[in-house]
1. Please verify whether segment 122-131 includes one or more residues that are within 16 Å of the chain's Cα centre (by Cα) and either modelled with pLDDT under 95 or within 16 Å of ligand 1 (Cβ to nearest atom) (or both).
2. Would you please list the contacts, defined by Cβ atoms under 6 Å and residues six or more apart or on different chains, that run from a residue in segment 206-228 that is closer than 17 Å to residue 185 by Cβ and at pLDDT below 95 to a residue that is within 16 Å of ligand 1 (Cβ to nearest atom) and not in a strand (DSSP E or B)?
3. Looking only at segment 193-211, count every residue that is surrounded by 21 or more Cβ atoms within 10 Å (Cβ to Cβ) and touching a helix residue (DSSP H, G or I) at 6+ places or on another chain (Cβ under 8 Å) and tell me the total.
4. Of everything in segment 23-38, what is without any contact (Cβ under 8 Å) to a residue 60 or more places away in the chain and part of a strand (DSSP E or B)? Give them in sequence order.
5. Specify the residue that is nearest to residue 206 (Cα to Cα); the eligible residues are those in segment 168-181 that are crowded, with 21+ Cβ neighbours inside 10 Å and modelled with pLDDT under 85.
6. Output the number of residues of segment 135-149 satisfying the condition of being in contact with a helix residue (DSSP H, G or I) (Cβ under 8 Å, 6 or more places away or on another chain) and free of Cβ contacts under 8 Å to residues at least 40 places away in the same chain.
7. With closer than 24 Å to residue 235 by Cα and more than 9 Å from ligand 2 (Cβ to nearest atom) as the only criterion, which of 36, 62 stands out?
8. Considering 184, 164, which residue is over 21 Å from residue 14 (Cα atoms), modelled with pLDDT under 95 and either within 14 Å of ligand 1 (Cβ to nearest atom) or touching a helix residue (DSSP H, G or I) at 6+ places or on another chain (Cβ under 8 Å) (or both)?
Ligand SMILES: Nc1ncnc2c1ncn2[C@@H]1O[C@H](COP(=O)(O)OP(=O)(O)O)[C@@H](O)[C@H]1O
Ligand SMILES: [Mg+2]
């Protein structure tokens, strides 16, 4: 299968290594003192309540948030110094493909090949094959020529996954891939990720509910208030599905426990 990763993913077979890492924006630390080693081929869930720092952690691995202290290495290189950036795939935390330009599924997924092309090179046969394969992998082969805007939200999320897959990354980072996605698409996504993982790609999936992907992700890292407070088997990370929460956990970003207004579960 052409989605198989290239050899030598990183020194010592380590895909991601954080050493006492503090990650934030500007000079504001959000994730603090994080230690984490993800070996190549692992499938890891990053769990935690809203605002705990999951997205910041993921963005820190992509050079999109600032490493303020400690060390962050991705595929054997300090973050930001990785030459082959196409070896890291990213599906950002966004529900749909937005944009004013009406693009087809094929066009959006083809963007995933761009880092692999030379400056003026057009997509070659291998590129087109990789695009078609990625679209088929997410179950949208019959929609490849359709405008993305005509797809459901869940299908659009799958298009973004296909775009990342088309680059055939060694490390695939996804932020809330199942959020706002219908049950059928969640199931399809779980199947896709199972295949990608079986092919050897390292997966790091940020989610606040691991249920839909529990069969794929085996290890969990739980972020709480910017700190990693659990790292171990997903099955032991909390009640089934990782759906453990007390009322404050669902509070919107910026919620403070000392605020006077207290809302019950149903109101959140
Ligand atoms: N671009 C940013 N600049 C400053 N602070 C941010 C930015 N993005 C997120 N934050 C803050 O970082 C904290 C963690 O956010 P985030 O990493 O998005 O959490 P999660 O993904 O777990 O919901 C929140 O308090 C949020 O307000
Ligand atoms: Mg987030």
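1. Scanning segment 122-131 turns up no residue that is within 16 Å of the chain's Cα centre (by Cα) and either modelled with pLDDT under 95 or within 16 Å of ligand 1 (Cβ to nearest atom) (or both).
2. 207/176; 209/243; 210/242; 212/178
3. Residues meeting the conditions: 8.
4. Selection gives 23, 24, 25, 28, 37.
5. Restricting to residues being crowded, with 21+ Cβ neighbours inside 10 Å and modelled with pLDDT under 85, the top hit is 178.
6. 4
7. Of the residues listed, the single one that is closer than 24 Å to residue 235 by Cα and more than 9 Å from ligand 2 (Cβ to nearest atom) is 36.
8. 184
The values are calculated or read from the model by the stated rules, or taken from the named source; none is laboratory data. On a predicted model such as this, the values are computed, not experimentally measured, just so you know. Reconstructed Cβ throughout: ideal geometry from the backbone, glycine too, with neighbour counts over all protein chains shown.
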